[in-house]
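First up is the structure itself, then whatever we jot down about it.
Coordinate-derived values only; no laboratory data. Predicted model, so just to flag it, every value in this text is computed and none were measured. Reconstructed Cβ throughout: ideal geometry from the backbone, glycine too, with neighbour counts over all protein chains shown.
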Amino acid sequence: MAFCLPIEEANKIKEAIRSGKLSPEKLNEMTSQERRNFLANFIGKENAKEVNLLFEKKLLLKNQERAMSDWAREITGLSKEQKEATLEKIRKTYAEKKRRLQDPKENEKFLNEIVSDIYSRKFKTETTLEEAQIITELSQDLKRAREKMNEDFTWKTEEDGLNFGAAKVAVDNYIGGLKAEANKELFVNPLKVRGLMEKARAISVDAKIALNFIADNSRSIKASVDNSLWGRQGIKALFTKPKIWANNFAKSWQDISTTIQKGNEAGEAILDGVKAEIYSRKNYLNGRYELGKKLDIGTGEEEFPTSLPSKIPGLGRLFKAAEVSYEAGAMRLRADIADVYYDLAEQAGIDMTNKIEIGSINEMVNSLTGRGRLGRLEGAGKAINSVFFSAKFFKSNLDTLTVHAFSGDFSNFAKKQAAINLLKMISAISILFLISSGFDEDSVEWDTRSANFGKIRLGNKRFDLTGGMSSLIILASRIVTQQTKSSVTGIIKDLDGGFGSPTGMDILWNFTENKFSPMFSVIKELIAQKTFDGEEPTLVNQLTNLIVPIIIESGIDASKKEDLANTLLVLIADGLGISANVYSYNNDWNIKPGKELTQFKEKVGEDKFKEANDKYNRLVNEKIVELNKDSDYKKLDEEDKQKKLTSEKGKIKSKIFREHRFKYKRTK
């Protein structure tokens, strides 16, 4: 974007020129640093840097060359040949200055501090002269490596290509490090600043830093200690490009093994190596990966906003292994799949220089690998992810199911490919469900109003084979039909807000809170004074929300309800990204117990009360299974089904009370 000096500052410059305090002649006699300091007196430090850069780049060299050329033409006593020779020398001199400005050779002194200012503006971070020298040297290495490339964007040897990729990674890493250091926010001690407003501002800054720290690290930890890309964000690739998926899935285990055995530096080397290999590819070199809407390569993944947990002694390697597996796998998947679609587009006669055509392919591939585009909200991605766990993953599922209806500027070719992909996914998932239902009819739910839709059910365990896409279908179905089907009892209820019935807003809110980030889930539960399971918030359960990885949380939950074999099954599935949930009918008598249960607890004591509660839930679950297989029960309407189930639950509770010789005594 072109630099524009604010009108107030421009007026200050004009006044300085009119008063004689500032003139081009004075500026021309100064060094770059002197000029910046001088201009800062009038228009401030940042504006001075921009004005100085403009002066040196657009005026200084150009005007000096013109003046010298005019002088050479006007001087007398020289022959025509001598004048031409002088002019040629002047042109060469200023061409050399221009080269030194834009492309200095190795170990060559910079032309003042111009390059430092150029880099500061280009990379949006303060760049010292020494740092600019390093950037230039790294850039020269990159340029020399690229010179070995063939005209058709291929390499004479694989080594040449990888050397170029490594040089590109070196430049990116160095500049990325400078940006990270420049953007690092530091705590401000409110006691060391003066004034009420400054103290309030310091407290605000500290609170923001603390919240970002908690939000980023809790999300990273929750997403760690697994290899979940393949069954969650990457499952769409399994159903559409299975060979590419399988090849990269196998590589991910080698990434994990190497990182755990050799440490975090080996993990970083893997990520650098993956990026270097991708940068050496023809479709990076010819610009397709970055044409229009860019293919997300080397931009980081929202599931891992920070690598800080990798520094935890001992456990850090497990975190790093999960991060490396995820990021390396996602980059490989995107590049491999994009290459296939570029070839298809070329064969279809698509203009491969068209930003919309190539950008649409890139966006489609990003969505296939769990990376949706947030559009105008892209710049607010960090803030959005502080509230929601994976906003881009959610958008990728929405894009896939709607064939990118909300993408805008999406080409017909890409829409056709997205539609084909959706058809492949529906077909593959349907085949899996048909096979499962052939073994056990109750293992598959075809009713889209039930939370069991899109999952395979084994007893009380549900395994999501859609990578989260089924939740969007369930939400839409419930809102459109204004009905919901219990995933436990199978009873259908209208969303009319009647006794025991939710409303449409309840359904929407439940869907939304399931997408909250760990930090925001804690905030929500502390405000409501109730956890997702209906319990009272405690230090233990809130810390669990923040720092226990999802896979471990699922395992702990499963171990309370299932035997060892089934718990291991849940752990394996969740570790591969296939979300596994274990739930059944569960009525916790400690939550709003009422007078009857309070009396019962007082009579039998805490231990017997819990034992009776567990038995009640077990017997009710057995009765639900029995009723759902009863042909007469199935013929009942929903209201009568509910009455029958309520009656059976009452009988079970009465039986348990009799076993403990308890009879409720009504009180006034």
query = Where the Cα atoms of the range 296-363 are projected onto their three principal axes, how long is each span, largest first, in whole Å?
reply = 55, 17, 13
query = Using r as the Cβ-Cβ distance of GLN347 and LYS148, and R0 as 25 Å, what FRET efficiency do you calculate, to the nearest 0.05?
reply = 0.30
request  = Take the Cα gyration tensor of the range 443-582, multiply each eigenvalue by 5, square-root it, and list the three semi-axes largest first, rounded to whole angstrom.
outcome  = 25, 21, 13
message = Can you give me the distance in nm between label points at TYR633 and LEU211, each placed 7 Å from the Cα along the Cα-to-Cβ direction?
response = 4.9
Cα-only Debye scattering, the range 469-543: base-10 log of I(q)/I(0) at q = 0.18, 0.23, 0.25 Å⁻¹ = -0.84, -1.07, -1.13
request  = Give me the distance in nm between label points sitting 7 Å out from Cα along the Cα-to-Cβ direction at GLN33 and ILE556, one decimal.
outcome  = 5.7
note = Label model pair LEU568, LYS655: point-to-point distance (7 angstrom along the Cα→beta-carbon line) in nm is 3.4
Cα Rg, Dmax, the range 594-659, angstrom units = 14.1, 42
request  = May I ask you to derive the FRET efficiency for LYS179 and GLU159 from their Cβ-Cβ distance with R0 = 35 Å, giving the value to the nearest 0.05?
outcome  = 0.70
ask   = Taking 0.36 nm per intervening residue step and subtracting the Cα-Cα distance, what contour gain separates ILE356 from ALA428 on full extension?
value = 22.9 nm
key: Rounded to whole Hz, the Karplus (6.51, -1.76, 1.60) HN-Hα couplings of the range 510-523, x for glycine and proline   = 4, 5, 5, 5, 5, 9, 5, 6, x, 5, 6, 5, 5, 4
task = Starting from the Cα coordinates of the range 337-455, work out the convex hull volume and express it per residue in Å³.
result = 130
query = More than 24 Å apart: what percent of Cα pairs in the range 531-668 qualify?
reply = 49
Tail beyond 15 Å, pair distance distribution of the range 295-334 (Cα, percent) = 39
message = Using only the alpha carbons of the range 428-482, what is the convex hull's orientation-averaged projected area in square nanometres?
response = 3.7
ask   = How large are Rg and Dmax for the range 367-419 when only the alpha carbon atoms are used, in Å?
value = 11.6, 35
task = Over all alpha-carbon pairs of the range 338-378, lay out the pair-distance distribution in 10 Å bins, whole %, shortest bin first.
result = 28, 50, 19, 2
message = Between ILE547 and ILE527, what is 0.36 nm times their sequence separation minus the Cα-Cα distance? Round to one decimal in nm.
response = 5.2 nm
remark   = Rg/Rh of the range 513-608 (Cα atoms, Kirkwood Rh), to two decimals, equals 1.04
key: Residues with amide H under 5 Å from that of LYS455, placed H, sequence gap 5 or more   = GLU445
request  = Express in nm, to one decimal, how much length is gained between GLU535 and GLU611 on full extension, taking 0.36 nm for each residue of separation and deducting their alpha carbon distance.
outcome  = 25.5 nm
ask   = Roughly how compact is the range 223-436, stated as its Cα Rg over 2.2 N^0.38 Å to two decimals?
value = 1.02
